[in-house]
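Participant: Pasting a structure below so you can have a look.
The values are calculated or read from the model by the stated rules, or taken from the named source; none is laboratory data. Treat the numbers as computed from the prediction; the structure is a model and nothing was measured. Here the Cβ is made from the backbone with ideal geometry for all residues, glycine too, and neighbour counts use every protein chain on show.
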Amino acid sequence: MKNFTQFLLAAGLVTLGSRAASAQVLYDNFETTRLVTYGYVDGALAPAATPTGGTVNTSATCGKYDRSATQYAVVVLDPTNAHMADVSAYSGGTKHLTLKFRSPGPGTAVQLVLQNKAKVAALGYPNGNYGGTFNATSTAATDSWETLTFTYAAGDVSSADASVKATDVDQLVMLVAPGSTTATTYYLDDIMGPELVAGPLVPAAPAAAAILLDNFENTRLVAYPSAQGTVNEAAANPASNAVNSSSTCASFVRDGSQPYATIVIQPKSGTFGDVSGYASGAQQITLKLRSPDAATKVQIVLQNKAKSANGYPNGNYGGTFDAVTSATANEWQTLTFAYTAGAAGSSIDASVLATDVDQIALLIAPNSTVATGMPAKTYYFDDLVGPAFAATATAVRQASTSAAALAPAYPNPAAGRVSLPYSLQKAAVVSLAVYDALGRRAASVFENQARPAGEFSADFSTASLAPGLYICRLVVDGAVLSRQLSVQ
C-alpha cells in the first residue's frame, strides 16, 4: 500500500509540473488578444509599433509604457469580466508569470502583485495583497527584448493581507523599476498570467460578526484560567454611568511587580473562527474598562494556547490590538482596539494561522510596574466583544481523532523528500495539502482519495517550497489533522 501511495503521489506531482507553462493564459499581446483593461497607470500605456532588438519578440505591435517619475509607479491590470482561478500554484512555484520586456538597459527590476481589488479599494495598502511579490530583473543588452519569468517572494504582515486567499484574486499590479524616480520608456508584450474564470469574483461569505463573549451576568462564553493578579468575575459595578449601567462586572487587581501582567481568556468550549478580519480592520474587538489612571494602555493578543505554552512570542497571531483610555480616570469607557502588525520571530509566531486562535491575552497597563510598598491597582472591565466561535470543534485541529491519527513529518526540518505517516481506523476519503505561514496553499499532494483502514505514509517532495515554516493538513472525511513542517 505504501509503495502504491508513493507512486500515485509521484505521478501527481510530475503531472502538475508538466502543466506549469501551458496552464498560463495570454492576457494581452496588444494585437488580437486583449483580455485585460488598465484601470490605472502611473504614466501612459498604449499599443505601439514594436521596436527592434533581438529575436525574442517579432510581433508588429506591443505595449509602450511611458513610466511616470512616481517612486512606486504602478500599472493595474483588470481581467475583463473575469477573475483569476486558484493562484496557489504560482506562489508555490509550480507555475510562473511571464512577459516579454524591452528596457533601456539591463538591471531593471519588475514586480507583480496579485490582489483582491475590493479590499485594496476599501482599505488601502497592504490590504488586498495576496501573499507576496513576484519578481524579475532584466538581463538583456540595452534595448533588447527578453522574456521575464517571475519568482515568488513571500511577504509579511507589513506587505501582505493574510485574509486574501488564493481564490480571492481578481487584479494584477505591475511595478517597473520600483523605488526609482526616473521617467523612462519601456516596452511590454505577451503578458501571461493565471488562469481566468468568467464573471466577476463572487465575494466569500462574510466572516461571522463579533459576538458578546462575556457580560459577567447572563452571557458567559469564556473562562479566565490564569492571571498575573486576581480576577473577580462577580464584582459589583463601582460606579454606574451611561457607558456601563450593569450591576455586575469583573475586577482585576493587577500584580504590580509584573510589567506585562496578563489575563488569559479562553472559550469554554470550541475555538474561535477565522480572525483574519480583525487583522485587516474589517472587524473590531471592543471592551468596557474603568481605570484608576488616565491614558491607560490596554492590549489584546490573539493566540494559539498550545504554542503559547512554549514561551513568547510562540503562539501569537499576527500582531497586537491596542487601545488607550481617555484623559479621565475612574470612568467607564468603551475601548475599540486597533490592529498593529507584529514582526515574525520577534513578536509574532508566523506558524499561527487565522484559524488557529483559541486564546486571548489581555494586558492592562503593559510595560508598567508599581513600586514596592505601594498598593496594587484595581481595574474593572465588562462586555468583551470579540471573535465568533468556529463551527467545527477544536478536535479537528489536533493531530488525532477517534477515526484517524497523524504522526509528525520526517525528516523535519526537510530539504528534499518528506514523509507524513497517518493511520485510519476505518475507510475514508482523504486529502493532503501544504500551507504556508500565511494560510495560503503552497502545494497540493493529493485530493479526495479513497483509502481503506490501515497505516499509510504520504511521501512528497519539498523542492518547490521556499525555505520556511509550513503546515501539512490532512483532511479525513471533513476532519482536519495538522502537523508543522520546516523546509530548509
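Participant: Just checking, which of Thr133, Thr108, Thr80, Thr50 is farther than 30 Å from Ala166 by Cβ, in the same structural domain as Thr185 (by TED's automatic domain parsing) and of a type outside the set (Lys, Arg)?
Facilitator: Result of the check over Thr133, Thr108, Thr80, Thr50: Thr50.
Participant: Here is a further query. So which residues in segment 282-305 are part of a strand (DSSP E or B), more than 19 Å from Ile348 (Cβ to Cβ) and of a type in the set (S, T, N, Q)?
Facilitator: Thr286
Participant: Sort through Tyr152, Tyr90, Tyr72 and tell me the only one that's within 30 Å of Ala343 (Cα to Cα), of a type in the set (Phe, Trp, Tyr), in contact (Cβ under 8 Å) with a residue 24 or more places away in the chain and assigned to a loop (DSSP other than H, G, I, E, B).
Facilitator: The unique qualifying residue is Tyr72.
Participant: Might you check whether a residue that is in the same structural domain as Tyr40 (by TED's automatic domain parsing), farther than 30 Å from Ala388 by Cα and buried (at least 17 other Cβ atoms within 10 Å of the Cβ) occurs anywhere in segment 152-168?
Facilitator: Yes; the residues of segment 152-168 include at least one that is in the same structural domain as Tyr40 (by TED's automatic domain parsing), farther than 30 Å from Ala388 by Cα and buried (at least 17 other Cβ atoms within 10 Å of the Cβ).
Participant: Looking only at segment 53-71, which residues are out of contact with any Asp or Glu (no Cβ under 8 Å at 6 or more places or on another chain) and either modelled with pLDDT of 95 or more or of a type outside the set (A, V, I, L, M) (or both)?
Facilitator: Thr55, Thr58, Lys64, Tyr65, Asp66, Gln71
Participant: Within the bounds of segment 454-463, is there any residue that is assigned by TED's automatic domain parsing to the domain that holds Ala403, at pLDDT 80 or above and not in a strand (DSSP E or B)?
Facilitator: Looking through segment 454-463, at least one residue is assigned by TED's automatic domain parsing to the domain that holds Ala403, at pLDDT 80 or above and not in a strand (DSSP E or B).
Participant: So, one more: Being surrounded by fewer than 19 Cβ atoms within 10 Å (Cβ to Cβ) and assigned to a strand (DSSP E or B) is the requirement here; does Val253 meet it?
Facilitator: yes
Participant: For segment 292-314, how many residues meet the condition of being basic (Lys, Arg) and crowded, with 17+ Cβ neighbours inside 10 Å?
Facilitator: 2
Participant: Looking only at segment 178-201, count every residue that is under 26 Å from Gly105 (Cβ atoms) and in a loop (DSSP other than H, G, I, E, B) and tell me the total.
Facilitator: Of the residues in that region, 7 qualify.
Participant: In segment 121-151, which residues are within 16 Å of Gly281 (Cβ to Cβ) and surrounded by 15 or more Cβ atoms within 10 Å (Cβ to Cβ)?
Facilitator: Passing the criteria: Leu123, Pro126, Asn127, Gly128, Asn129.
Participant: Where residues in segment 351-370 are out of contact with any Gly (no Cβ under 8 Å at 6 or more places or on another chain) and hydrophobic (A, V, I, L, M, F, W, C), which of them is nearest to Gln303 (Cα to Cα)?
Facilitator: Val357
Participant: Where the second residue is surrounded by fewer than 22 Cβ atoms within 10 Å (Cβ to Cβ) and not β-branched (Val, Ile, Thr) and the first is over 25 Å from Ser251 (Cβ atoms) and not assigned by TED's automatic domain parsing to the domain that holds Ser245 and lies in segment 279-293, which pairs have Cβ atoms under 6 Å and are six or more apart or on separate chains?
Facilitator: none
Participant: Any residue in segment 207-230 that is within 17 Å of Lys117 (Cβ to Cβ) and either in contact (Cβ under 8 Å) with a residue 40 or more places away in the chain or not in a loop (DSSP other than H, G, I, E, B) (or both)?
Facilitator: No, that holds for no residue.
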